[in-house]
Amino acid sequence: MFVNNSIDNEEFLPALSLNALILGCLVMWAFLPPSRLVSIFIFIALTLITLIALRKFSKQLPLILFLLFGIIFTLGLGSPNWDARSIWLFHAKRIYMGNNLYAQLDNYAPWSHNDYPVIFSALAATLAKAVGHWNEVFPKSVLLLLLVPPLLVCSALFQQKILMVLFLTVIGVICRNNLFNGHMDALVAIYTCAIILITIKINKALVDSSSEYIYPTITLISFFSILILLKNEGLAVSLIVLLLTFFLQKNIPKLNIIAIAVSTFALYFILWKWPVHTANIETDIMMSGMLQRVIDRLYSNDDLQLILDNFLKYSGIYVGIFLLNFFRFGVKWTHLALPTLFVISYFGILFLIYLSTPYDLTYHLGTSVKRALLTINVVLLGTFLYSFVNPINNFKKED
Amino acid sequence: MKKKRFINFLLTVLICAGLIEYFKIGKSLVSETLTNSFVNSSPFALHAGEDSSLPAVVINAKKLINRNSLQIFSLDEKFINDPFLHQRLIEFSYPARFGNSNYFIGMSNGELKSRCDLIDTEENVSVYVCK
């Protein structure tokens, strides 16, 4: 099997253009809310870039079918899902009706988690502006536009159509309804997987010093920036991946990783975290008494077992499949160090979050653990599939 | 040759499993809606998807809020104590806001009936003025 280990910059260009438009739209909302004409232009541009990226019909057929499925179900159904309505779509409605990105920072309806970032909501508000009104169907369809960039990159990185078909199957099996019902968890999972795959690819390509990696690096910045603005979990994911990349991916220049981290976090703090901080809006998990709750639960065997049982129930099989990789001939753990250590670190963070939750543990686990683990599960199976693009002898170059 | 055929068979099984999974996702998404069906208008129509996303009492309450031009409204016990109705009504009725007001939205046969003046009714939901 012929495997191309160098980087084809053109393959990253559509995703980069889409990300740039999405981030540009958010920046616009922050400083000068877009007019209806500008909103229409943004959506025409996003659609055209997507269509151009999908023009290789035969190669992109799996992704085209996936998106058609998404269009039918996001534009064909209402939006009854609790969190989608109470958090993401409500914030979008507030941005649209208030013509202000920071409308939610008056902390009206605090149950809607007003500290949560708003990139999806801003994009949904832009679509509402383009259409001219709000309703209960079309605003959630913008999540398809957010799904396109990471899936385009994955499609390019998997190289073979069959692997992309399997990846989309895996995403469906793991994320299920969360893909199209207006939740952010599947988006966070797919963005994380795309970021880890790009990082592995750049690291591998840089063994060959002639490789140009400017587009993948900028694409990486744009992916981190969107991920961090999708949901608070994106911040934890970005921190872990950047730290691990810094220490593990030795072929990527340290200065580049620092540049990626600085640009991503600067954008996040300027556009979102600082306004939230000045509005005195508290993150619910950080409520006072956090340390005491952690200590209390650490001494409770029942609580510890409950958390671990849930982790095992929803991620056990995927960890098992991922571990099969280590039994393949010639694979050392260092080849899979980035996804392995990411999964361990993220498990650790989730464990800490559940130990410190101010809510009843059974209730909190019951309502969120399945969705919180999507990121881990998609990364496990995504990197498992990606290892078939890179036969063992290609790993040896890294050593 | 045998190995290749086995791999092709395995891939076909996996792809079929994927197709079945997506069929199940579609079915489950439809059953999540309140009407168990696709919207029967354009997805871009003004009131599209309301009846499949929201309970009738919430839709009726919003009609009352709009008809009576309420910018701030209070709620009766029924809407306060039921988190589902409470959140659905607050987000659906926005930009009208829930707060301190003499105008109460409540059930037509609820506890407000005896102690407040009835202003308007939409099916089983009413607006009252309470002093």
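When you scan the stretch A:116-123, do you find a residue that is free of Cβ contacts under 8 Å to residues at least 60 places away in the same chain, part of a helix (DSSP H, G or I) and either more than 10 Å from chain B (Cβ to nearest Cβ) or surrounded by 24 or more Cβ atoms within 10 Å (Cβ to Cβ) (or both), even just one?
yes
Among B:VAL58, B:VAL39, which is within 13 Å of chain A (Cβ to nearest Cβ), in contact (Cβ under 8 Å) with a residue 24 or more places away in the chain, surrounded by 20 or more Cβ atoms within 10 Å (Cβ to Cβ) and not small (Gly, Ala, Ser)?
That would be B:VAL58, the only listed residue that is within 13 Å of chain A (Cβ to nearest Cβ), in contact (Cβ under 8 Å) with a residue 24 or more places away in the chain, surrounded by 20 or more Cβ atoms within 10 Å (Cβ to Cβ) and not small (Gly, Ala, Ser).
Output the residues belonging to the stretch A:247-284 that are of a type outside the set (Gly, Ala, Ser), within 20 Å of the chain's Cα centre (by Cα) and surrounded by 14 or more Cβ atoms within 10 Å (Cβ to Cβ).
A:ILE257, A:ILE260, A:THR264, A:PHE265, A:LEU267, A:TYR268, A:PHE269, A:LEU271, A:TRP272, A:LYS273
This table checks each residue for (1) surrounded by 14 or more Cβ atoms within 10 Å (Cβ to Cβ); (2) closer than 30 Å to A:ALA130 by Cα; (3) free of Cβ contacts under 8 Å to residues at least 12 places away in the same chain.
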| site | (1), (2), (3) |
| --- | --- |
| B:LYS4 | no, no, yes |
| B:ASN8 | no, no, yes |
| B:VAL13 | no, no, yes |
| B:GLU21 | yes, no, yes |
| B:GLY26 | yes, yes, yes |
| B:VAL30 | yes, yes, yes |
| B:LEU34 | yes, yes, no |
| B:LEU46 | no, yes, yes |
| B:GLY49 | yes, yes, yes |
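Being out of contact with any Ser or Thr (no Cβ under 9 Å at 6 or more places or on another chain) and either within 11 Å of chain B (Cβ to nearest Cβ) or of a type in the set (Val, Ile, Thr) (or both) is the filter here; which residues of the stretch A:53-67 pass it?
A:ILE64, A:LEU65, A:PHE66
If I go through the stretch A:172-191 residue by residue, how many of them are assigned to a helix (DSSP H, G or I) and touching a Gly at 6+ places or on another chain (Cβ under 8 Å)?
The total comes to 5.
For A:ILE42, state whether it is hydrophobic (A, V, I, L, M, F, W, C), away from chain B (no Cβ under 14 Å) and under 19 Å from A:PRO150 (Cβ atoms).
No; evaluated as a whole, the condition is false for this residue.
Quick test for you: out of A:PHE269, A:PHE247, A:PHE327, pick the one residue that is at pLDDT 95 or above and not charged (D, E, K, R).
Going through A:PHE269, A:PHE247, A:PHE327 in turn, the sole match is A:PHE269.
Which residue out of A:LEU380, A:LEU355, A:LEU365 is assigned to a helix (DSSP H, G or I), among the aliphatic types (A, V, I, L, M) and within 20 Å of the chain's Cα centre (by Cα)?
A:LEU380
Can you tell me which residue among A:LEU312, A:LEU298, A:LEU324, A:LEU304 is over 21 Å from A:LEU229 (Cα atoms), exposed (fewer than 12 other Cβ atoms within 10 Å of the Cβ), hydrophobic (A, V, I, L, M, F, W, C) and without any contact (Cβ under 8 Å) to a residue 12 or more places away in the chain?
Residue meeting the stated conditions: A:LEU312.
Among the residues of the stretch A:78-88, is any more than 10 Å from chain B (Cβ to nearest Cβ) and of a type in the set (Gly, Ala, Ser)?
No, the stretch A:78-88 contains no residue that is more than 10 Å from chain B (Cβ to nearest Cβ) and of a type in the set (Gly, Ala, Ser).
Tell me, which residue of the stretch B:61-87 that is outside any helix (DSSP H, G or I) and free of Cβ contacts under 8 Å to residues at least 24 places away in the same chain is farthest from the other protein chains (Cβ to nearest Cβ)?
B:SER69
Any idea which of (1) within 16 Å of the chain's Cα centre (by Cα); (2) away from every other protein chain (no Cβ under 13 Å) is the one B:PHE92 doesn't satisfy?
(2)
Where residues in the stretch B:45-55 are hydrophobic (A, V, I, L, M, F, W, C) and under 17 Å from B:THR33 (Cβ atoms), which of them is nearest to the other protein chains (Cβ to nearest Cβ)?
B:ALA48
Suppose we keep only residues that are assigned to a helix (DSSP H, G or I) and within 7 Å of chain B (Cβ to nearest Cβ) within the stretch A:89-111. Which one would you say is farthest from B:HIS86 (Cα to Cα)?
Per the criteria, the residue is A:MET97.
Mind listing whichever residues of the stretch A:44-74 are among the aromatic types (Phe, Trp, Tyr) and buried (at least 20 other Cβ atoms within 10 Å of the Cβ)?
Across the stretch A:44-74, the qualifying residues are A:PHE66, A:PHE73.
Being touching a residue at least 24 places away in the same chain (Cβ under 8 Å), under 27 Å from B:LEU10 (Cβ atoms) and within 10 Å of another protein chain (Cβ to nearest Cβ) narrows it down to one of A:LEU168, A:LEU75, A:LEU127, A:LEU151, so name that one.
From the options A:LEU168, A:LEU75, A:LEU127, A:LEU151, the qualifying one is A:LEU168.
Which residues, counting only those in the stretch B:26-45, are not in a loop (DSSP other than H, G, I, E, B) and not polar (S, T, N, Q)?
Residues satisfying the conditions are B:GLY26, B:LYS27, B:LEU29, B:VAL30, B:GLU32.
Run A:ASN203 past the list (1) away from every other protein chain (no Cβ under 14 Å); (2) without any contact (Cβ under 8 Å) to a residue 60 or more places away in the chain; (3) over 20 Å from A:ILE22 (Cβ atoms) and report the number of the one that doesn't hold.
The single condition A:ASN203 does not satisfy is (2).
For the stretch A:124-171, name all the residues that are within 30 Å of B:SER41 (Cβ to Cβ), part of a helix (DSSP H, G or I) and among the small types (Gly, Ala, Ser).
Those that are within 30 Å of B:SER41 (Cβ to Cβ), part of a helix (DSSP H, G or I) and among the small types (Gly, Ala, Ser): A:ALA124, A:ALA125, A:ALA128, A:ALA130, A:SER141.
For the condition more than 11 Å from chain A (Cβ to nearest Cβ), over 21 Å from the mean Cα position of the chain (by Cα), closer than 30 Å to A:LEU163 by Cβ and of a type outside the set (S, T, N, Q), what is the one hit in B:LYS24, B:LYS3?
None of the others qualify; the one that does is B:LYS3.
Considering only the stretch A:162-178, I want to know if a residue exists there that is surrounded by fewer than 23 Cβ atoms within 10 Å (Cβ to Cβ) and over 30 Å from B:THR33 (Cα atoms).
Yes, the stretch A:162-178 contains at least one residue that is surrounded by fewer than 23 Cβ atoms within 10 Å (Cβ to Cβ) and over 30 Å from B:THR33 (Cα atoms).
The values are calculated or read from the model by the stated rules, or taken from the named source; none is laboratory data. These figures come from a predicted structure and were not determined experimentally. In this analysis, Cβ positions are derived from the backbone assuming ideal geometry, glycine residues included, and neighbour counts consider all displayed protein chains.
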